[in-house]
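K.L.:
Dropping a structure here in structure tokens format, bear with me for questions.
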Amino acid sequence: MKKILLIAGLILTQQVLSQIPTNGLSVHYPFNGNVNDTSSNNYHATVANPTYAADRNGNASKAIQTGDLGSYALQHDYSAHVADFKTQSFSYGCWLKFDYFIPNQYPTVMNNGAVNDNFFRFFSDGTDAILQTGYRVNDPFSVQYRTLTAYDLQDYFLEWTHYMVTSDYDAANDTRIVKLFINGQLHQTASYTFSESQILYNPAVNALGLGTNLNGAIDDFVYYTRAISEDEVFAIYGECFTTEQIGTIASIGNVIALNGSTINADYQWVDCDNSNAPISGATSPTFSPLASGNYAVVLTKNTCSYTSPCISYCVPLTTTVSLSGNTLTSLQNGTSYQWFDCDNGNAPISGATSQTFTPTVSGNYAVQVGDGSCSDLSDCQSVTISTAGLNNINGNQIQLFPNPANDFIQLTGLEAGHEIRILSLNGSVVAEIHAKSNESIVSLSELENGVYFIHIYAGDKFVTAKKLSVIR
């Protein structure tokens, strides 16, 4: 980001430059209409007939156009830092925008030493676009390359993109860990093990070359004599999360996640139904809610923060229904219930809101279970009210009196063990009594005025039904 207005521009520039780490900063070319180094080293570059372009923020002459520079046009004598490329850690990066790409060429952002000794370059065969960064080494029988290659980058080429490479040298194990970052996020990591003496470097060249065969523009090139951290890379990037990096919040099976996210950041899931209150312990990229509701995730990294849209999540509900005799029971506990008549256009049955339901007529029935936020409907269950085995459907054997009744009824002609169920007109069981002899007196004190059905069962076998009126 460069100066835009005298006052606001100065403030914005300070905000961005304050994010660029200075520890180990060897060179910084912001290309503010020149090729001067703004680090404390004053390693100013040289270039013949430079052409400047608008930077990523649209500020004129704040980036350098590389299409007309030719090979190694921008150079700096790095003879004092030869050891950096061989035995020490280092990092480099810049903002880059291609205007066009010629297949089967190697547009090169940087070479240290002789051609391709230490490089950061692109290549395309006309179909796939790749980036390579690595070293040229002697094996010692032939010159070979140790490269980190990132494929399918063509989507980045025609827009401003930030690239950063860190190379961390472990002298004890003679190993380099090389990482490639794109737009502030880690894209790829590779490990190389070989003798540092094999790295080819031509001290007679001693140049940092920018823009070789590269048709586009470069801005804010930095070089460090150490491997900077991921947080420092993000600070140099200086932008916050892009839509592509964030991905899309989605429910995937029993978890919620940012589908397609490439962000390495801190996660905190929040409860949208509770004023976005943070959920304790929910700090992973995925989250499995214990209750239905609306949830979102907050991403933070350095000074950047992003809160996703809220997404509705339903804890899976059990819609299985069991049948015992003529009684249907939902196997989902602790929720709300509503029974439906499948043979009547799934019409809700008035008052049938208990976990169990005993129909008074044969048919097909379903139940909707809900937990306040989500609901689900069971399959229809067939119930047949059987009259097989009735001794006397007209009540000649089992007698009920008085009817209408007030405070109690008496049933005679029973057998010990018979189950007496009192049902409301909507099929809900309001009372159950087990007969201990051939007569039973049943209190009606808990019943409202109205019409009820008395069902008699012998185990799971339906015996008979009586109609009862309660009038007070």
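K.L.:
Just to verify a result, which residue in the stretch 233-249, among those that are among the aliphatic types (A, V, I, L, M) and over 18 Å from Gln268 (Cβ atoms), is modelled with the highest pLDDT?
P.N.:
Across the stretch 233-249, the extreme among qualifying residues is Val233.
K.L.:
If you check Gln338, Gln332, which single one turns out to be in a loop (DSSP other than H, G, I, E, B) and closer than 30 Å to His455 by Cα?
P.N.:
Gln332
K.L.:
Let me spell it out: the conditions are (1) closer than 16 Å to Ile236 by Cβ; (2) touching a strand residue (DSSP E or B) at 6+ places or on another chain (Cβ under 6 Å), and Asn57 meets all of them except one. Which number is the exception?
P.N.:
(2)
K.L.:
Does any residue in the stretch 267-280 that is surrounded by fewer than 13 Cβ atoms within 10 Å (Cβ to Cβ) come within less than 6 Å, Cβ to Cβ, of a residue that is not hydroxyl-bearing (Ser, Thr, Tyr) six or more places away or on a different chain, and which pairs are these?
P.N.:
Filtered contacts from the stretch 267-280: Ala277/Asp271.
K.L.:
While we're here: With (1) surrounded by 19 or more Cβ atoms within 10 Å (Cβ to Cβ); (2) within 19 Å of Gly293 (Cα to Cα); (3) of a type in the set (D, E, K, R) as the list, and Asp371 as the residue in question, which single condition is left unmet?
P.N.:
(1)
K.L.:
Then there's this: Would you confirm whether or not the stretch 222-240 contains a residue that is surrounded by fewer than 16 Cβ atoms within 10 Å (Cβ to Cβ), on the phi > 0 side of the Ramachandran plot and of a type in the set (Gly, Ala, Ser)?
P.N.:
No, every residue in the stretch 222-240 fails to be surrounded by fewer than 16 Cβ atoms within 10 Å (Cβ to Cβ), on the phi > 0 side of the Ramachandran plot and of a type in the set (Gly, Ala, Ser).
K.L.:
Sticking with this structure for a sec: Filter the stretch 408-434 for residues that are small (Gly, Ala, Ser), under 25 Å from Asp341 (Cα atoms) and modelled with pLDDT under 85 and give the result.
P.N.:
Of all residues in the stretch 408-434, those small (Gly, Ala, Ser) come to 413, 416-417, 424, 427-428, 431.
Checking which are under 25 Å from Asp341 (Cα atoms) leaves us with 424, 427-428, 431.
Answer for the stretch 408-434, where residues must be small (Gly, Ala, Ser), under 25 Å from Asp341 (Cα atoms) and modelled with pLDDT under 85: Gly427, Ser428.
K.L.:
Which one is modelled with the lowest pLDDT among residues in the stretch 319-378 that are under 38 Å from the mean Cα position of the chain (by Cα) and at positive phi?
P.N.:
Out of the qualifying residues, it is Gly372.
K.L.:
Next question, about the same structure. For the stretch 430-441, state whether one or more residues are within 19 Å of Gly325 (Cβ to Cβ), assigned to a loop (DSSP other than H, G, I, E, B), of a type in the set (Gly, Ala, Ser) and not assigned by TED's automatic domain parsing to the domain that holds Gln355.
P.N.:
yes
K.L.:
Additional query: Does the stretch 286-295 include one or more residues that are on the phi < 0 side of the Ramachandran plot, surrounded by fewer than 16 Cβ atoms within 10 Å (Cβ to Cβ) and not aliphatic (A, V, I, L, M)? Let's see the steps before the verdict.
P.N.:
Taking the stretch 286-295 and keeping what is on the phi < 0 side of the Ramachandran plot, we get 286-292, 294-295.
Within this subset, residues satisfying the condition of being surrounded by fewer than 16 Cβ atoms within 10 Å (Cβ to Cβ) are 286, 288, 290-291.
Next, only the ones that are not aliphatic (A, V, I, L, M) stay: 286, 288.
Yes, the stretch 286-295 has at least one match.
K.L.:
Being in contact (Cβ under 8 Å) with a residue 24 or more places away in the chain, aliphatic (A, V, I, L, M) and surrounded by fewer than 17 Cβ atoms within 10 Å (Cβ to Cβ) is the filter here, so list the residues in the stretch 342-365 that pass it.
P.N.:
Correct list: Val361 only.
K.L.:
Give me the strands (runs of 3 or more DSSP E) completely within the stretch 3-114, filtered to those with at least 3 residues that are at pLDDT 80 or above, ordered by residue number.
P.N.:
25-29, 51-53, 63-65, 90-98
K.L.:
Ok, one more. For the stretch 254-266, name all the residues that are surrounded by fewer than 18 Cβ atoms within 10 Å (Cβ to Cβ), within 12 Å of the chain's Cα centre (by Cα) and within 14 Å of Ile311 (Cα to Cα).
P.N.:
Passing the criteria: Val255, Asn259.
K.L.:
While we're here: Can you tell me which residues in the stretch 435-466 are modelled with pLDDT of 85 or more and either of a type in the set (S, T, N, Q) or surrounded by fewer than 11 Cβ atoms within 10 Å (Cβ to Cβ) (or both)?
P.N.:
Scanning the stretch 435-466 gives Ser437, Asn438, Ser440, Ile441, Ser443, Ser445, Glu446, Glu448, Asn449.
K.L.:
Evaluate the following for Ala416: is it farther than 25 Å from Ser362 by Cβ, touching a residue at least 12 places away in the same chain (Cβ under 8 Å), surrounded by 19 or more Cβ atoms within 10 Å (Cβ to Cβ) and not assigned by TED's automatic domain parsing to the domain that holds Gly325?
P.N.:
No.
K.L.:
Under 9 Å between Cβ atoms, at least 6 apart or on separate chains: pull out the pairs that start in the stretch 369-386 with a residue that is over 15 Å from Thr356 (Cα atoms) and end on any residue that is buried (at least 17 other Cβ atoms within 10 Å of the Cβ) and charged (D, E, K, R).
P.N.:
none
K.L.:
Moving on to the next point. Here's a check for you: in the stretch 189-232, which residue that is within 25 Å of Asn23 (Cβ to Cβ) and β-branched (Val, Ile, Thr) is modelled with the lowest pLDDT?
P.N.:
Ile199
The values are calculated or read from the model by the stated rules, or taken from the named source; none is laboratory data. Note that the structure is a prediction, hence the values are computed from the model and not measured. Please note: Cβ atoms are built from the backbone with ideal geometry, for glycine as well, and neighbour counts cover all protein chains shown.
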